[in-house]
Structures are given as C-alpha cells and as structure tokens.
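J.: Below are the structure tokens for one structure; questions will follow.
Nothing in this text is a laboratory measurement; each read-out follows from the coordinates by a stated rule. It should be emphasised that the depicted structure is a prediction, and the values quoted were computed from it without experimental measurement. Here Cβ is always computed from backbone atoms with ideal geometry, including for glycine, and neighbour counts include all displayed protein chains.
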Amino acid sequence: MKLLESISKLGEEGAFAAAADLSIQLQINWDEEVKYLFRVVAADLNRVPGNIGGKNDDEITTIKKWLEKYKKGYEGRASQRLSNPLGTVADPVIEKIIGARLSNLTNEDLKKISFAHRLGMSAENILGLLLEEYLSINLKPRGWHCAWGETVKSVDFVNEDGSLLQIKNRSNSENSSSSAIRNGTEIEKWYRIKADRIEYMWETLNQICDTTTLSEEAFVDFATSCVRNNPGCIVVEAENPWG
C-alpha cells in the first residue's frame, strides 16, 4: 500500500491522528514542525510523495515510513551529515583531452585538475542542503517549516498559515512540477542565483517570507562555518592532492 492510498482510506483527520501517535514512538517532536508538514500532505493528496509504501505495508506502516523519511532528512542536514564518497571514478580520458588543449600542463597539473573537479562536485552535492538548512534556521521564526527528506511533494517549505514554497539554487534548476497548486493556493517559487550571471534573488525571498534578514553574505557565512564545523559533510578523497 502506498501512502496516498493510506491517507485516502483513513481520511485527513484519521491519518493526522495516526501520525501524531506514531511520532511519539519515533521520538519526533510532533508539535514543533512535523504537524504542519503532515497537515499539508493529509489535506491535499497532490502533495503526497509517491515513493513511500510497498505491497506489504498497511495504513500505519506507510505513515510511519513518512515520519522516518522526515527524521532521516532532518538528521542528515548539512551541519550533521557525514557524506558518502562519490559513487563514480574519474574518466582518464578527461585528463588526456585537457592535456591536448593545454599542452604546457604536466601530468601532475592534469591530475590536480581532475581532483579539483571532483572536489567541486562534492561541494555542489552539499550546496542544496546548506541552502535548505540556512533557510530553515532563519525562516522558522516566521512560521516556515522545512519539509526535510522531501516529505511534501514539490514543496520545500510549509508555512503555518498553509502557504507553500519551493526553493532552488539556480534559475535553470526549477522543476515543472512546481506549478502545481494546493486547494487553489499557488506554490511560491524562488531560486537563489540566476544561471547566466551573478545576480542573487534574496530580496524576492525576503518579500515572500515577510522578512529582511536573508542575504548572500549571511548565507556564505553560514555555509562556510557549517563546513568548518562539520568537514565530513564534504568528501575529500584520500588520494586527492588538494587534501
């Protein structure tokens, strides 16, 4: 059984009550933010993630899996996570191609370029989580709660008043599903930086969230401090000459 079917069978209030009870078992603070996220899912089946639940699950176990997904996402936020090594190896031909274009580079230079690229990929892998956590910390006082673990379909933040927000790092990474609506309420969409030039969009988000505190400078300070305090969030391979 999938979560969507479970909520349909239990109804909004039945599913909501079941989730509240299960949160106690999982030691999740229901009243802090989870109840706002699950209320959106229970009230609008279009916001139910489609990847939760299997053939051996019933109504209770699917809701429990949703809560576990939220908990895993929260506990795996950038400031706490230990990132896994990259799942791919460098393709040796890349160094050959670069060497053919820039023949003055030594083999050691080419090796450093290859590892610098992989280090950049590790940083890019964590960038979205850093942005998510920065916003979570700063927007929670304004009633916005992060849908950790992708627990609300096409939505990254839910406000206590029912407003929905989807965030992206760059303008070219928006998902077409963001145009979906919830009970006539449009999902607000925001991206941090334009893809074709260095232009930040923080003022737009400040307007959406009724605040003045969000800025690129503050985000950079948060991101760099987070990595310094938890260096394991970015993978540096043992053989990386930059490490």
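J.: So, in Å, what gap is there between the alpha-carbon centers of region 5-25 and region 26-63?
T.: First find each Cα centre; the distance between them is then 7 Å.
J.: Using DSSP to define loop residues, name the trypsin sites (Lys or Arg not before Pro) in region 45-147 whose beta-carbon has at most 11 other beta-carbon atoms within 10 Å.
T.: 55
J.: Label points 7 Å out from Cα along the Cβ direction at residue 207 and residue 45: separation in nm?
T.: 3.7
J.: Work out which GluC sites (Glu not before Pro) in the chain are exposed loop sites (DSSP not H, G, I, E or B, at most 10 other Cβ within 10 Å) and give the longest gap free of them.
T.: 1-198
J.: In the structure displayed, which of 65/168; 9/35; 72/112; 71/189; 64/168 lie more than 30 Å apart, Cα to Cα?
T.: The pairs that break the limit, which is 30 Å between Cα atoms, are 72/112.
J.: Under a point spin-label approximation (7 Å from Cα along Cα-to-Cβ), what is the residue 5-residue 104 distance to one decimal in nm?
T.: With each label placed 7 Å out from Cα toward Cβ, I get 6.6 nm.
J.: May I ask for the angle, rounded to the nearest 10°, between helix 3-25 and the longest principal axis of the chain, with both axes built from Cα atoms and the value confined to 0 to 90°?
T.: Helix 3-25 and the main axis of the chain meet at about 80 degrees.
J.: Turning to a different aspect of this structure: Using a cut-off of 16 Å between alpha-carbon atoms, which lysines can reach residue 111, once sequence neighbours fewer than 8 places away in the same chain are excluded?
T.: 96
J.: Tilt of helix 107-139 relative to the longest C-alpha principal axis of the chain, in degrees (0 to 90, nearest 10)?
T.: 30
J.: Whole number please: convex hull volume per residue, Cα atoms of region 1-75, in Å³.
T.: Hull volume over Cα atoms, normalised by residue count, gives 79 Å³.
J.: Okay, moving on. Can you give me the angle between helix 216-229 and the longest principal axis of the chain, using Cα atoms only, in degrees from 0 to 90, rounded to the nearest 10?
T.: For helix 216-229, the angle is close to 80 degrees.
J.: Dipole of region 44-146 (Lys/Arg Cβ +1, Asp/Glu Cβ -1, origin at the Cα centre): which of 83, 99, 116 lies farthest to the positive side?
T.: Of the listed residues, the answer is 83.
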